[in-house]
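Peer 1: Quick one: the structure is below, questions incoming.
The values are calculated or read from the model by the stated rules, or taken from the named source; none is laboratory data. On a predicted model such as this, the values are computed, not experimentally measured, just so you know. Please note: Cβ atoms are built from the backbone with ideal geometry, for glycine as well, and neighbour counts cover all protein chains shown.
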Amino acid sequence: MSGFDVLTRGDVLDSALQARDYLVSCGVPGALAAKDPRLWGRRAVDHSRLGWLDLPFASRGLLRQIDGLVAEARYSGLDHIVLIGVGAESLAAQAIMEAHAPALAGGGGGAPGGPAGGLTVLDGSDTAALAFALERLDRTLVVLASKAGVSLEGDAYRRIFAGAFRERGLSEREIAGRFLVITDHGSPLHDFARQCGYRIGLTDPYLPGHFGALSAYGLVPSVLAGADAERLLEEAASLAPSLSKDEDNPGLLLGAVLGGCAQQGSAGITRDKVVLREPGGSGALSAWISQLLAVGTGKRGRGVLALEPPGGKGGFPDLHGIAINPRSAAQEEADTSVWAPLGAQFLLWEYATAVAGWLLGVNPFEQGSTAVQEAEDDAATLLRSAGAGPLPAGRPVYVEDDIEVHADFAWPPGADLGTVLGGLIASVPADGYLSVLTYLSGDFSGRYLAPSLSRAAGRPVVYGPGPAYPHATGPIHKDGAGNGAFLVITGDPAPGDALAAHPVPGRPYGLAKLQLARALGEVRALRQRRLPVVRLHLRNPVEGAGRLIEAVRAVAGAGPRP
């Protein structure tokens, strides 16, 4: 695909055209193309925060700089790339691998095959990907990507790989050569990497992380894994000239769709939720778009919430659909269709998010609150306090079939799991949504619960694995409209999952304990914002998941709430 276009229709078209005319009358397209930071108010945005507009051209120099590293890795037989990162830093690289090297990318974070061995992403959500990577140590180069310091997961995985390399007989110098750190110049991770003797790739500290798909964060891991980044940048560069125009500007129209719908319409309805549809099912591109919109617009009680089709079934008046590269617009149920190759998709959505933020009166480039970091810091405190002992998970309100129910309030005598779920569903505001966060190793996902929960609540449902999903989309949940309700699912390690219980070298905990700490930190952060949240802990994760699915279906069978 070489072209790009955005088509919309119905009520969405009316809102978008009004918003686009307003944007043009205010000179937004020209000012944004000129990287004029005054669009967001005097001194609100530094000029360098808009450097993402130059990446389709500036990053070509980056590719030339890493040619030697790629050649060295191939010569050394390092054709399997492990990317350690949570949030935007890993989602862009995953999307690139899915689109540009389908033979090398795999479901759930990585797979073998092809001449370059592929990419495995470790974001703290599953030990299966880690097990896969550890089986390929002799071929593995580890990339640790973060704009700040080392996350809890990053520290754990780094220690695990360093220990595994050491057990293989590698010297400390050889181990250092197996790590590449991508971070901002002057960041805490930069200093740490220098002390360890790791290879370092530095990025612009002023570039917003959620606008960095075409920077080193997205490009370097995928190039090392065999993707064609030159083509990716050419795709983005082909779109760039149109982004300064008042007419025939797909980025402006898409931004007008997002921002125009998220403002209250003539009927008093705010369409601030969007279902993203991809022909082959939701993938890393949809996940990347979701985090871009969440971080870019989720501020000051506003924002655009993105979700996947399983959680968006139903005629919700505050929701509109966007199809990404549909085969035929005529056969699409979506209100808006977006056609573009991946490189152009990255730039298109970044531009549209900036425009939507302007319409909503929020600064899409600011770091936002410390909501996401607070949850991680809280998890770190819990781990330090617990030491080698158990985490303070609290006593469950009651236990049913090895499923612990943790809530802030007591349930009446005779209550069952259906009562708990029904109570949570009843707490979803009329304009709100339900979020399912799963902190489990294995293939159980909120996807299995979303259709039934949506039917029962009569509201959309979003879902994702922790800590990756809440880290990527935290701002929309915690700093947005504040109209979400949350189901957090944790569990004991699955039988036979030796990695989950195995201690992290040099730490008094294993990955399962780390994952639970992350969940507890997230629950506390949500409760501090007075958001309704229930945590279910599956003592037997396999059987418990089946019972939970049955309970959710039973609640859905009772019909939506009145």
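Peer 1: With the range 421-525 as the region, which strands (runs of 3 or more DSSP E) entirely inside it contain at least 2 residues that are at positive phi and in the same structural domain as Ala133 (by TED's automatic domain parsing)?
Peer 2: Where strands (runs of 3 or more DSSP E) fall fully within the range 421-525, none carries at least 2 residues being at positive phi and in the same structural domain as Ala133 (by TED's automatic domain parsing).
Peer 1: Does the range 159-188 hold any residues that are under 19 Å from Ala225 (Cβ atoms) and either of a type in the set (D, E, K, R) or assigned to a loop (DSSP other than H, G, I, E, B) (or both), and which are they?
Peer 2: Once the filter is applied, which keeps residues that are under 19 Å from Ala225 (Cβ atoms) and either of a type in the set (D, E, K, R) or assigned to a loop (DSSP other than H, G, I, E, B) (or both), the range 159-188 yields Gly177, Arg178.
Peer 1: Please go through the range 437-448 and give me each residue that is at pLDDT below 95 and hydrophobic (A, V, I, L, M, F, W, C), ordered by number.
Peer 2: Result: Leu440, Phe444.
Peer 1: Let me ask you something else. Out of Ala31, Ala58, Ala93, report the one residue that is at pLDDT 90 or above, among the small types (Gly, Ala, Ser) and crowded, with 22+ Cβ neighbours inside 10 Å. Walk me through how you get there before you give the answer.
Peer 2: On the way: Ala31 fails: crowded, with 22+ Cβ neighbours inside 10 Å; Ala58 fails: crowded, with 22+ Cβ neighbours inside 10 Å.
After applying the criteria, what remains is Ala93.
Peer 1: Another question, then. Is there any pair linking a residue in the range 63-86 that is among the charged types (D, E, K, R) to one that is surrounded by 21 or more Cβ atoms within 10 Å (Cβ to Cβ), with Cβ under 7 Å and at least six apart or on different chains, and which?
Peer 2: Listed pairs, sorted by first residue: Asp79/Ala116; Asp79/Gly117.
Peer 1: Restrict the check to the range 138-145 and report whether at least one residue is touching a Pro at 6+ places or on another chain (Cβ under 8 Å) and crowded, with 21+ Cβ neighbours inside 10 Å.
Peer 2: For the range 138-145, residues touching a Pro at 6+ places or on another chain (Cβ under 8 Å) and crowded, with 21+ Cβ neighbours inside 10 Å: present.
Peer 1: Follow-up question, since we're still on this one. What's the number of the condition Tyr469 fails, among (1) within 16 Å of Glu308 (Cα to Cα); (2) aromatic (Phe, Trp, Tyr); (3) touching a strand residue (DSSP E or B) at 6+ places or on another chain (Cβ under 6 Å)?
Peer 2: The number of the failed condition is (3).
Peer 1: Could I ask something else about it? Under 6 Å between Cβ atoms, at least 6 apart or on separate chains: pull out the pairs that start in the range 204-218 with a residue that is under 18 Å from Ser290 (Cβ atoms) and end on any residue that is assigned to a loop (DSSP other than H, G, I, E, B).
Peer 2: Hits for this filter: Pro208/Phe365; Gly209/Lys147.
Peer 1: So Tyr398 passes all but one of these: (1) surrounded by fewer than 18 Cβ atoms within 10 Å (Cβ to Cβ); (2) among the aromatic types (Phe, Trp, Tyr); (3) within 26 Å of Leu276 (Cβ to Cβ). Which condition number does it fail?
Peer 2: Of (1) surrounded by fewer than 18 Cβ atoms within 10 Å (Cβ to Cβ); (2) among the aromatic types (Phe, Trp, Tyr); (3) within 26 Å of Leu276 (Cβ to Cβ), only one is false for Tyr398: (3).
Peer 1: Residue by residue through the range 1-12, note down the ones that are modelled with pLDDT under 90, surrounded by 15 or more Cβ atoms within 10 Å (Cβ to Cβ) and not in a loop (DSSP other than H, G, I, E, B).
Peer 2: The answer is Asp11, Val12.
Peer 1: Right, something else. Can you name the residue in the range 361-402 that is within 28 Å of Ser238 (Cα to Cα) and in contact with a strand residue (DSSP E or B) (Cβ under 8 Å, 6 or more places away or on another chain) and, of all such residues, is modelled with the highest pLDDT?
Peer 2: Looking at residues that are within 28 Å of Ser238 (Cα to Cα) and in contact with a strand residue (DSSP E or B) (Cβ under 8 Å, 6 or more places away or on another chain), I get Asn363.
Peer 1: For the subset of the range 512-543 comprising residues that are more than 20 Å from the chain's Cα centre (by Cα) and of a type in the set (A, V, I, L, M), which member is surrounded by the fewest Cβ atoms within 10 Å (Cβ to Cβ)?
Peer 2: Among those that are more than 20 Å from the chain's Cα centre (by Cα) and of a type in the set (A, V, I, L, M), it is Val542.
Peer 1: Same structure again: Go through the range 339-356 residue by residue and tally those that are closer than 22 Å to Pro208 by Cβ and in contact with a strand residue (DSSP E or B) (Cβ under 8 Å, 6 or more places away or on another chain). Spell out how you get there, then give the answer.
Peer 2: Keep residues of the range 339-356 that are closer than 22 Å to Pro208 by Cβ, which gives 340, 342-356.
Remaining after also requiring in contact with a strand residue (DSSP E or B) (Cβ under 8 Å, 6 or more places away or on another chain): 340, 345, 348.
Residues that pass the stated criteria total 3.
Peer 1: Are there any pairs with C-beta distances below 7 angstrom linking a residue in the range 273-294 that is more than 13 Å from Val338 (Cβ to Cβ) to a residue that is among the charged types (D, E, K, R), with the two at least 6 apart or on different chains, and if so which?
Peer 2: Once the first residue is more than 13 Å from Val338 (Cβ to Cβ) and sits in the range 273-294, its partners that are among the charged types (D, E, K, R) give Lys273/Asp318; Ser282/Glu308; Gly283/Glu98; Ala284/Glu98; Leu292/Glu350.
Peer 1: Which residue out of Ser125, Ser48 is among the hydroxyl-bearing types (Ser, Thr, Tyr), at pLDDT below 85 and buried (at least 23 other Cβ atoms within 10 Å of the Cβ)?
Peer 2: Criteria check complete, one pass: Ser125.
Peer 1: Just need a number here: residues in the range 538-562 that are in contact with a Gly (Cβ under 6 Å, 6 or more places away or on another chain) and either under 21 Å from Tyr398 (Cβ atoms) or assigned to a helix (DSSP H, G or I) (or both).
Peer 2: 5
Peer 1: For the condition crowded, with 20+ Cβ neighbours inside 10 Å and under 27 Å from Leu69 (Cβ atoms), what is the one hit in Ile200, Ile182?
Peer 2: Details: Ile200 fails: crowded, with 20+ Cβ neighbours inside 10 Å.
The conditions single out Ile182.
Peer 1: State yes or no: is Ser385 part of a helix (DSSP H, G or I) and under 19 Å from Leu531 (Cα atoms)?
Peer 2: When the stated conditions are applied, Ser385 does not pass them.
Peer 1: Please state which of the following conditions Ala426 fails to meet, knowing it meets all the rest: (1) surrounded by fewer than 22 Cβ atoms within 10 Å (Cβ to Cβ); (2) within 28 Å of Asp497 (Cα to Cα); (3) in contact with a helix residue (DSSP H, G or I) (Cβ under 9 Å, 6 or more places away or on another chain).
Peer 2: Among (1) surrounded by fewer than 22 Cβ atoms within 10 Å (Cβ to Cβ); (2) within 28 Å of Asp497 (Cα to Cα); (3) in contact with a helix residue (DSSP H, G or I) (Cβ under 9 Å, 6 or more places away or on another chain), the lone unmet condition for Ala426 is (2).
Peer 1: For the range 75-90, give me each residue that is in a helix (DSSP H, G or I) and at pLDDT below 90.
Peer 2: Scanning the range 75-90 gives Ala88, Glu89, Ser90.
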